[in-house]
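Chemist: What follows is a single structure, and I will ask about it in a moment.
Readers should treat all values here as calculations from the given coordinates under stated rules, not as data from a laboratory. Predicted, not measured: the structure shown is a model, and the values here were computed from it. Note that each Cβ is placed from the backbone with ideal geometry, even for glycine, and that neighbours are counted across all protein chains shown.
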Amino acid sequence: MAKITLDKLAHSYARHPKTRADYQLKEMTHEWADGAAYALLGPSGCGKSTLLNIISGLLIPSQGRILFGDSDVTRQPTAARNIAQVFQFPVVYDTMSVYDNLAFPLRNRGVKAADVDRRVKAVAEMIGMTDRLNTRAQGLTADAKQKISLGRGMVREDVSAILFDEPLTVIDPHMKWELRTQLKTLHREFRHTMIYVTHDQTEALTFAD
C-alpha cells in the first residue's frame with residue numbers, strides 16, 4: 001500500500017503549452033492517504049483518465065511530481081510502481097483460460113504455485129467465474145472478459161495501489177452492484193489504496209470512503 005502525493009502536477013498534450021487553457025489537467029497539489037478508497041468523479045473529457053494514467057506511469061506529466069510514500073516515481077515506468085490498473089474495456093489474453101488470465105500477474109512475479117491457486121480461486125469466486133476457470137477467454141462476452149480484467153487487477157495482495165478507469169462500463173447492470181460490493185469487501189480486507197474513475201455519482205458514492 002502507499003500514500004500517493006501529487007505535487008504541483010499538471011499536464012498538457014500540446015508540445016509547447018503557453019496558457020492555462022492549453023492544459024488538460026490544471027495544476028494541482030493533493031494527497032491520497034495510504035489504504036483509503038477514493039473516487040474521481042466528473043464528466044467525460046475533464047481529465048480523470050489523464051490523471052490516472054499519470055499515476056500509473058503511462059504518461060509523464062508536463063510538470064510536477066508524483067510520490068508513492070516518500071519516493072518520487074514521476075519518471076519511473078509502470079512496472080516499477082507496483083500497481084494494478086483496470087481499464088474501461090476488457091484487456092485479456094484470448095488464447096489463455098480464465099484461470100491462466102487470473103494467474104498471469106502472480107506467475108509473472110514468481111509466486112508459488114500453491115499461492116497462485118489459492119488467490120485465483122478466491123478471486124474467481126468473488127467475480128462469479130468459478131465455473132469458467134478452464135474456459136478460454138476467446139468467445140466470452142465483453143461482460144465476462146471485463147470481470148476477468150477486474151479479477152486480474154485484484155489478484156495480487158502486494159500492490160501499492162489499484163487504479164480503476166470506469167471499469168463497470170461494459171458490465172451488465174445487474175452485476176454492477178454486486179461487483180462494487182465485492183470491491184469494497186476486498187478493500188476492507190486488504191486495505192489497498194484504491195482510486196476509482198467514474199462519471200456515475202452512484203458508483204462514486206458507493207465506492208469511496
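Chemist: Non-local amide H neighbours of Val86 (under 5 Å, H modeled in plane, Pro and chain starts lacking H): which ones?
Modeler: Those lying under 5 Å, H to H, from Val86 are Leu163, Phe164, Asp165.
Chemist: Between Ala114 and Arg191, how many nm apart are label points set 7 Å from Cα along the C-beta direction?
Modeler: Taking the simple label geometry, Ala114 and Arg191 are separated by 2.7 nm.
Chemist: When you count, for each residue, the other Cβ atoms within 10 Å and take the mean per peptide, how do 140-152, 103-115 rank with the highest first?
Modeler: Ranked by mean Cβ neighbours within 10 Å, highest first: 140-152, 103-115.
Chemist: Let me ask something additional. Which value in nm describes the separation of the simple spin-label points at Phe89 and Thr206, placed 7 Å from the Cα toward the beta carbon?
Modeler: Label-label distance for Phe89 and Thr206, simple model: 2.5 nm.
Chemist: Now for a separate question. Counting helices only, and only those DSSP H runs with n ≥ 4, report the 222 nm mean residue ellipticity of the chain as the sum of -39,500 (n - 2.57) divided by its residues, in deg cm²/dmol to the nearest 500.
Modeler: That calculation yields -10500 deg cm²/dmol at 222 nm.
Chemist: What percent antiparallel are the DSSP beta bridges of the chain, to the nearest 5?
Modeler: Of all bridge pairs located within the chain, approximately 50 percent are antiparallel.
Chemist: What label, among (i) 55, 42, 30; (ii) 79, 37, 33; (iii) 55, 35, 32, belongs to Cα extents along the principal axes in Å computed from the structure on display?
Modeler: Label (iii) holds the value from this structure.
Chemist: Is the range 143-209 best put as rounded, prolate or oblate by its Cα gyration tensor, with a ≥ b ≥ c the root eigenvalues, rounded for a/c under 1.5, and otherwise prolate when a/b is larger than b/c, oblate when not?
Modeler: Verdict is oblate for the range 143-209.
Chemist: Report the relative contact order of the chain, percent, no decimals, based on alpha-carbon pairs under 8 angstrom and at least 6 residues apart.
Modeler: That works out to 29 percent.
Chemist: Taking θ = phi - 60°, what integer Hz values does the Karplus form 6.51 cos²θ - 1.76 cosθ + 1.60 yield along the range 60-66, in sequence order, with x for Gly and Pro?
Modeler: Using θ = phi - 60°, the values come out as 9, x, 5, 8, x, 10, 10 Hz.
Chemist: Only four residue types carry charge here, +1 at the Cβ of Lys and Arg and -1 at the Cβ of Asp and Glu. Report the dipole size of the range 79-128 about the Cα centre in Debye, rounded to the nearest 20.
Modeler: That gives a dipole near 260 debye.
Chemist: Below 8 Å between Cα atoms, with a sequence gap of 6+, how large is the relative contact order for the range 108-209 in percent?
Modeler: Here the relative contact order equals 26 percent.
Chemist: May I ask you to evaluate 6.51 cos²θ - 1.76 cosθ + 1.60, the Karplus curve with θ = phi - 60°, for each residue of the range 98-105 and list the ³J(HN,Hα) values in order in whole Hz, giving x for glycine and proline?
Modeler: Computed from phi, the couplings for the range 98-105 are 4, 4, 5, 4, 5, 7, 3, x Hz.
Chemist: Still on this model: Give me a comma-separated list of calculated 3J(HN,Hα) values for the range 26-40, in order, Karplus coefficients 6.51, -1.76, 1.60 applied at θ = phi - 60°, integers in Hz, x for any Gly or Pro.
Modeler: 6, 4, 8, 10, 7, 9, 9, 5, 4, x, 9, 10, 10, 10, 9
Chemist: Further question: For an R0 of 22 angstrom, estimate the FRET efficiency from the Cβ-Cβ distance between Ala80 and Asp7 and round to the nearest 0.05. All intermediate terms of the calculation are to be shown ahead of the outcome.
Modeler: Working: r = 19 Å, r/R0 = 0.85.
Between Ala80 and Asp7 the formula returns 0.75.
Chemist: Can I ask one more? What aspartates and glutamates does Lys18 reach when the alpha-carbon gap must be under 15 Å and sequence neighbours fewer than 8 apart in one chain are set aside?
Modeler: Those aspartates and glutamates meeting the cut-off are Glu27.
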